[in-house]
1. Consider residue 109 against the criteria (1) exposed (fewer than 11 other Cβ atoms within 10 Å of the Cβ); (2) within 13 Å of residue 61 (Cβ to Cβ): it satisfies all of them except one. Which criterion is unmet?
2. Residues of region 79-102 being under 17 Å from the mean Cα position of the chain (by Cα), more than 13 Å from residue 42 (Cβ to Cβ) and free of Cβ contacts under 8 Å to residues at least 40 places away in the same chain, which ones?
3. In region 16-32, which residues are modelled with pLDDT under 85 and in a loop (DSSP other than H, G, I, E, B)?
Amino acid sequence: MGRNSYPQGQIDDMETSTVQELVTSLKQLHDRGKPETDEEIKQRIDEYFSFCQQSSIRPGIESLCMALHISRTTLFNWNNGTGCSERCQELIQSAKSFIAAYIEQALLSGKVSPPSGIFLMKKRLSYKDTVSIEESIPNKEEKHVLTASELPRLGELTKGTGKIAAQLPRLRDELQE
């Protein structure tokens, strides 16, 4: 099959045997149903990673959700402690950390291209590019805002009359700087 660089084309060009293997593995994950207790969630997560180790499935957020029979929204909520016990939150955070470590190691070992790895870390694991902008301007006194009547007289400041300068001392200091 030809190499198609468009995302849909790459999926369309996948070997039939690869498609069959992936679908069979994903169906096995899906057919497990939803765990009900924290202990069942722990057991399912352990089984999920063992399953990934033995099959063609790579650890990821979507397949983890499938193994737990939950949506990504539920996983996000559980990760933040919403709608679950503290133990469940810890289990989800630990599973996500494992997936992050897997992606990181695949990226660092050159098995995943840097742009793809960065994309996966940002989109699937909530990594972000952040820039810290700190205010470097020293705090100065409040500035006087000129009124409409003061604007025409502003030119007198530069002539050195002093009359307006007494009314607008801060402005005079700034003009001299």
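The values are calculated or read from the model by the stated rules, or taken from the named source; none is laboratory data. Just so you know, these numbers come straight off a predicted model, no measurement behind them. Note that we place each Cβ from the backbone using ideal geometry, even for glycine, and neighbour counts take in every protein chain shown.
1. Here residue 109 meets the rest and fails (2).
2. Answer for region 79-102, where residues must be under 17 Å from the mean Cα position of the chain (by Cα), more than 13 Å from residue 42 (Cβ to Cβ) and free of Cβ contacts under 8 Å to residues at least 40 places away in the same chain: 79, 80, 96, 97, 100, 101.
3. Answer for region 16-32, where residues must be modelled with pLDDT under 85 and in a loop (DSSP other than H, G, I, E, B): just 32.
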